[in-house]
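Since the structure comes first, as structure tokens, the remarks are kept for the end.
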Amino acid sequence: MKKYGVDKIIEKIEKYKNMDLNDINPDDIPDIKELKIDKRKPKEERILDFLTVVENPYVFKINGHLVQIRFSDNTNKTAKDCLTNVLKNLYR
């Protein structure tokens with residue numbers, strides 16, 4: 001999975017995880033319909049493709065409206081933990 005640049009994906013996740021939606025220029029965010037992800041790939045690879053092609057993995061547009069993804073603080077798992085789990089499953 002070297003082609004995905006996992007270290008860069010993790011850096012990107014850390015960089016944007018606490019960014020406020022007000023600090024984001026909507027013109028810089030692609031509409032989810034514009035993203036080209038191969039639906040024939042396994043789920044884990046589609047996730048990695050998404051994380052690779054988007055600038056901010058926590059924010060995207062749907063029909064011109066910004067959507068921000070947040071993870072609950074009520075769990076012991078972080079976004080990094082979840083991504084690490086996905087990557088470990090890929091290397092089994």
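The values are calculated or read from the model by the stated rules, or taken from the named source; none is laboratory data. Please read these numbers as outputs of a predicted model, since none were measured by experiment. With ideal geometry, Cβ positions are generated from the backbone for all residues, glycine too; neighbour counts draw on all protein chains shown.
What to note about this one:
- Counting the residues of the stretch 32-51 that are closer than 19 Å to residue 11 by Cβ and either touching a Gly at 6+ places or on another chain (Cβ under 7 Å) or hydrophobic (A, V, I, L, M, F, W, C) (or both) gives 4.
- Candidate set: the stretch 22-38, residues that are surrounded by fewer than 12 Cβ atoms within 10 Å (Cβ to Cβ) and under 16 Å from the mean Cα position of the chain (by Cα); chosen: the one modelled with the highest pLDDT: 38
- Residue satisfying condition, being in a loop (DSSP other than H, G, I, E, B) and either at pLDDT below 75 or over 15 Å from the mean Cα position of the chain (by Cα) (or both), within set 56, 89, 76: 76
- Those residues of the stretch 1-36 which are within 21 Å of residue 79 (Cα to Cα) and assigned to a loop (DSSP other than H, G, I, E, B), in sequence order: 1, 5, 17, 18, 19, 20, 24, 29
- For residue 4, the stated conditions hold: it is surrounded by 13 or more Cβ atoms within 10 Å (Cβ to Cβ) and at pLDDT below 85.
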